[in-house]
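A short write-up of the structure that comes next.
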Amino acid sequence: MPRPTPPDERVITRRRQVGEQIRAVRELHNLSQNDVCSRSGIDVATYSRIEQGHSSPKLDTLIRIADAIGVPLTHLVDVRPPRQP
């Protein structure tokens with residue numbers, strides 16, 4: 001079975017931006033990581049890696065995070081890519 005190709009820099013950058021967006025939305029709602037984890041059933045280490053951009057969450061996980069914070073899923077992933085010149 002072939003190994004998956006590692007993500008390129010563009011993907012890594014966008015993953016980091018999504019993590020930053022998730023953290024910003026969580027903080028806007030005055031929630032701690034522990035609050036989100038207890039509401040979503042995600043362990044703290046996994047959640048922390050998502051916010052830091054070190055892990056790519058599955059769609060199901062993003063839905064659980066959005067529900068735990070109480071926002072639409074789009075609020076977590078609405079990261080606009082930089083415009084090309």
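Applying the criterion of being among the aliphatic types (A, V, I, L, M) and over 17 Å from residue 64 (Cα atoms) to the residues of the stretch 1-51, the residue that is surrounded by the most Cβ atoms within 10 Å (Cβ to Cβ) is 12.
Anything in the stretch 33-45 that is in a helix (DSSP H, G or I) and β-branched (Val, Ile, Thr)? List them, or say none. The answer is 36, 44. All conditions in (1) in contact (Cβ under 8 Å) with a residue 24 or more places away in the chain; (2) in contact with a Phe, Trp or Tyr (Cβ under 8 Å, 6 or more places away or on another chain) hold for residue 12, with the sole exception of (2). So for the stretch 46-66 (the condition being part of a loop (DSSP other than H, G, I, E, B) and more than 10 Å from the chain's Cα centre (by Cα)), does at least one residue qualify? No, every residue in the stretch 46-66 fails to be part of a loop (DSSP other than H, G, I, E, B) and more than 10 Å from the chain's Cα centre (by Cα). Tell me which residues, restricted to the stretch 1-25, are out of contact with any helix residue (DSSP H, G or I) (no Cβ under 7 Å at 6 or more places or on another chain) and assigned to a helix (DSSP H, G or I). Those that are out of contact with any helix residue (DSSP H, G or I) (no Cβ under 7 Å at 6 or more places or on another chain) and assigned to a helix (DSSP H, G or I): 9, 10, 11, 12, 13, 14, 15, 16, 17, 20, 24.
Among all residues of the stretch 19-33, there is none that is touching a Gly at 6+ places or on another chain (Cβ under 6 Å), among the basic types (Lys, Arg) and touching a residue at least 40 places away in the same chain (Cβ under 8 Å).
Checking every residue in the stretch 30-50 against the condition of being at pLDDT below 95 and under 15 Å from residue 75 (Cβ atoms) gives zero matches.
Scanning the stretch 52-72 for residues that are under 28 Å from residue 6 (Cβ atoms) and open to solvent by 60 Å² or more (accessible area, probe 1.4 Å), which turns out modelled with the lowest pLDDT? Selected residue: 56.
The values are calculated or read from the model by the stated rules, or taken from the named source; none is laboratory data. This structure is a prediction, so every number in the text was calculated from the model and none was measured. Glycine also receives a Cβ, built like all others from the backbone with ideal geometry; neighbour counts cover every protein chain displayed. Note: accessible area is taken over every heavy atom of the protein model, side chains too, but ligands, DNA and RNA are not part of it. Shrake-Rupley method; radii C 1.70, N 1.55, O 1.52, S 1.80 Å.
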